[in-house]
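Asks: Take this structure first; my questions come after.
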Amino acid sequence: MGGTWGSLRARLHPLRVLVLSTPSDRPTDHRQHSDRGQRAVPGWLRWPALVVVGLRFAMPLIAVPLIPVLIREQIALLVLLRPQKEFLLLAGAQARVTGTPSIGLLVLAFIPSMVIAVWAFFITGRAYGHLLGDDGPRWLNRAIPPARLAQAHLVLERRGPWIAVLGRLAAFPPTLLAAAAGSSDVPARQYLAADLLGACLSFGAAVGAGWMLGRTYAEGGPWLTGIGVAILVMLIVLLTRWIKQVEDEVDVDDGMNDT
């Protein structure tokens, strides 16, 4: 009997704070999953969001063997399948040098993977935040790794929801940040507005930089282009390091609280 009661208490332990405590006693940090947010997600959005999350996780893996072909002939399709900054940069350069693909086509390739799919991660975090962890489904843990999700929660706590703008410009996965925001108490409208602004800025910056580098290559040669690429990469690395400094800041704060 005692063993059964101990097992039941262990299973109920994660719910104690949310269920057995009063509202004033409950934690208010961004890592708390919002039950109110979970109820606010319409049922018709939940399963489609999971499907989109699965596709967004699988498509970049499927596209890996196709990169050598797509990078030469179908760069817009490559942007759709693997929406990485380097491919947007290359697409912008190709658009300047060869005239294709068009900017409109790149926008159409960018939106499904980097706006709709990212928002699906937010919806999944809001509706299924209780599954985002070691006890969740294996495929979901691969799409949203718990350790990296914890880092994204720290970023949100320290930088606020508008970090989504800078996160898009840096090399910080917007899908993970969106899942963390969805599984927290961050207001949906505020975060999605910041993310949309960041998506527009990151697309314009990557394609615009590629366009300028393409022009530099045509007029100044590969050496000047290489210098431009190196400067761009350095800026992205520095911004990403600043965003990820939250872990060191938390360690410092913990050390000060212990003294």
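The values are calculated or read from the model by the stated rules, or taken from the named source; none is laboratory data. Being a predicted model, the structure only gives us computed values, none of them experimental. Note that we place each Cβ from the backbone using ideal geometry, even for glycine, and neighbour counts take in every protein chain shown.
Asks: Against the condition of a type in the set (S, T, N, Q) and within 11 Å of the chain's Cα centre (by Cα), how does T100 come out, does it pass?
Replies: Working: of a type in the set (S, T, N, Q): yes; within 11 Å of the chain's Cα centre (by Cα): no.
No: the conditions fail for T100.
Asks: Related question: Within the range 127-145, can one find any residue that is buried (at least 23 other Cβ atoms within 10 Å of the Cβ) and under 25 Å from A76 (Cβ atoms)?
Replies: no
Asks: Which residues, taken from the range 72-85, are surrounded by 16 or more Cβ atoms within 10 Å (Cβ to Cβ) and closer than 20 Å to R215 by Cα?
Replies: I75, A76, K85 - these are the residues of the range 72-85 that are surrounded by 16 or more Cβ atoms within 10 Å (Cβ to Cβ) and closer than 20 Å to R215 by Cα.
Asks: Go through (1) within 23 Å of L192 (Cα to Cα); (2) of a type in the set (V, I, T); (3) assigned to a loop (DSSP other than H, G, I, E, B) and name the single condition T100 misses.
Replies: Result: T100 passes all but (1).
Asks: Being surrounded by 19 or more Cβ atoms within 10 Å (Cβ to Cβ) and either more than 17 Å from L81 (Cα to Cα) or among the basic types (K, R) (or both) is the filter here; which residues of the range 100-126 pass it?
Replies: Result: F122, I123, T124, G125, R126.
Asks: Quick test of your reading of the structure: L61 fulfils all but one of (1) modelled with pLDDT of 90 or more; (2) surrounded by 13 or more Cβ atoms within 10 Å (Cβ to Cβ); (3) within 18 Å of the chain's Cα centre (by Cα). Name the failing condition by number.
Replies: So the condition that L61 fails would be (2).
Asks: Still on this structure, I have one more. Which residue pairs have Cβ atoms closer than 9 Å, lie 6 or more positions apart in sequence or on different chains, and pair a first residue in the range 80-98 that is more than 13 Å from I67 (Cβ to Cβ) with a second residue that is in a loop (DSSP other than H, G, I, E, B) and among the aliphatic types (A, V, I, L, M)?
Replies: Partner pairs satisfying both residue conditions: K85/A171.
Asks: How about the range 187-206: which of its residues are closer than 19 Å to V41 by Cα and buried (at least 24 other Cβ atoms within 10 Å of the Cβ)?
Replies: Taking the range 187-206 as the starting set, the residues that turn out to be closer than 19 Å to V41 by Cα are 187-193, 195.
Residues satisfying the conditions are Y191, D195.
Asks: I've got another one for you. I'd like to know if the range 112-134 contains one or more residues that are farther than 30 Å from A40 by Cβ, assigned to a helix (DSSP H, G or I) and not polar (S, T, N, Q).
Replies: So far as the range 112-134 goes, no, none of its residues is farther than 30 Å from A40 by Cβ, assigned to a helix (DSSP H, G or I) and not polar (S, T, N, Q).
Asks: Scan L50, L66 and give me the residue that is over 16 Å from the mean Cα position of the chain (by Cα) and hydrophobic (A, V, I, L, M, F, W, C).
Replies: Values: L50 fails: over 16 Å from the mean Cα position of the chain (by Cα).
After ruling out the rest, the residue left standing is L66.
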